[in-house]
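Since the structure comes first, as structure tokens, the remarks are kept for the end.
Nothing in this text is a laboratory measurement; each read-out follows from the coordinates by a stated rule. Computed from a predicted structure; not experimentally measured. Note: ideal-geometry Cβ built from the backbone for every residue, glycine included; neighbour counts use all protein chains shown.
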Amino acid sequence: RKKFKLMAGGDIALSIIINAKNNAGGIFKEIADALGDLTFGMKNMGTAGTIGADAVSSGMMKLAPLAVGAGVAVAGAAAVIGVKSVKAAGDFQSALTSLVTDAGESKDALGKVSTGILQISTDTGKTTKDLTSGMYLIESAGYHGADGLAVLKTAAQGSAVANADLTKVAAVLTTTMHDYTIPVGDSVKVMNSMIATTALGKMKMDDLNGALTKVLPTASKAGVSFTDVEGALATMSLAGDKGAAAGTHLNQMLLSLEKPSSAASKELKNVGLTTEDVAQKMKQSLPAALEMITTAVGKK
């Protein structure tokens with residue numbers, strides 16, 4: 001199984017770097033060239049001839065006219081960064097407020113939630129915009145405060161490892177935990193299991209998310225284990241059936257086995273099985289249930 005790898009950075013640092021390059025890239029390049037000359041010159045001062053001294057002189061001459069220009073460029077970059085930072089801060093605060101007004105978070109816990117989201121952004125490299133969107137879904141699913149942050153961190157790490165949409169990962173992670181009554185402390189186990197499923201099958205995390213969304217409610221209600229669902233979807237993906245379509249197909253099969261039509265019930269009876277036999281076997285093992293049916297049909 002793959003282990004989570006933390007990525008340094010976050011949207012704030014990224015914004016500063018991008019804006020600085022966009023607004024002052026030209027002058028910074030010239031400064032870098034001048035400093036390069038100085039470095040080369042200092043290293044070669046002891047060599048024969050005037051190559052070292054000439055390089056130092058060249059570097060100094062390049063730097064002199066750039067001093068004022070660099071100051072202007074830096075100031076311009078800082079101004080743009082400042083405007084964007086103010087807007088980003090406003091958007092972040094607005095998203096946090098919606099956690100209280102629309103998602104059920106406690107107003108008293110909002111400070112810790114805010115600090116937690118910023119820390120997760122730094123640890124995983126995910127933007128605060130993506131994280132607050134994911135947190136909104138997590139809070140709406142009933143995970144608040146420290147529990148919500150724990151689930152968000154798991155979703156963010158899983159999203160980073162699998163290069164998947166954070167909001168979709170958060171949505172399917174909380175759906176899985178809710179449908180199968182999985183505690184917050186086991187969220188990492190669920191995420192690792194999902195990552196392993198994509199590795200065993202021929203699909204990406206977004207494909208698995210799309211499939212699970214279609215089949216989880218039926219599977220959990222029928223008592224089919226999450227592991228069996230993942231195994232089925234991985235197997236189907238190897239045959240070219242993946243994503244939402246695979247989830248729909250698996251869902252249809254489970255419904256047919258759990259509540260077969262009168263005609264299907266009659267056919268099961270003809271091969272010596274009952275709907276109760278199949279339903280009970282599915283709860284023990286989905287592969288075993290399918291094997292039991294095919295064996296019974298084969299004997300007939």
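If you take the Cα centroid of segment 238-252 and the Cα centroid of segment 85-154, the two points sit 33 Å apart.
Give, rounded to the nearest 20 debye, the magnitude of the charge dipole that segment 145-300 has about its Cα centre when Lys and Arg contribute +1 at Cβ and Asp and Glu contribute -1 at Cβ. Could you put the intermediate results ahead of the total?
Numbers: 15 positive and 14 negative charges, 65 e Å.
The calculation lands at about 320 debye.
Straight-line cross-link partners of Lys300 among the aspartates and glutamates, defined as a Cα under 14 Å from its Cα and at least 8 positions apart when in the same chain: Glu267. The mean sequence distance of close C-alpha pairs (under 8 Å, at least 6 residues apart), as a share of the length of segment 87-139, puts its relative contact order at 45 percent.
When the listed pairs Lys259/Lys299; Lys242/Lys266; Lys112/Lys221; Lys189/Lys299 are checked against a 29 Å cut-off, the alpha-carbon distance exceeds it for Lys242/Lys266; Lys112/Lys221; Lys189/Lys299.
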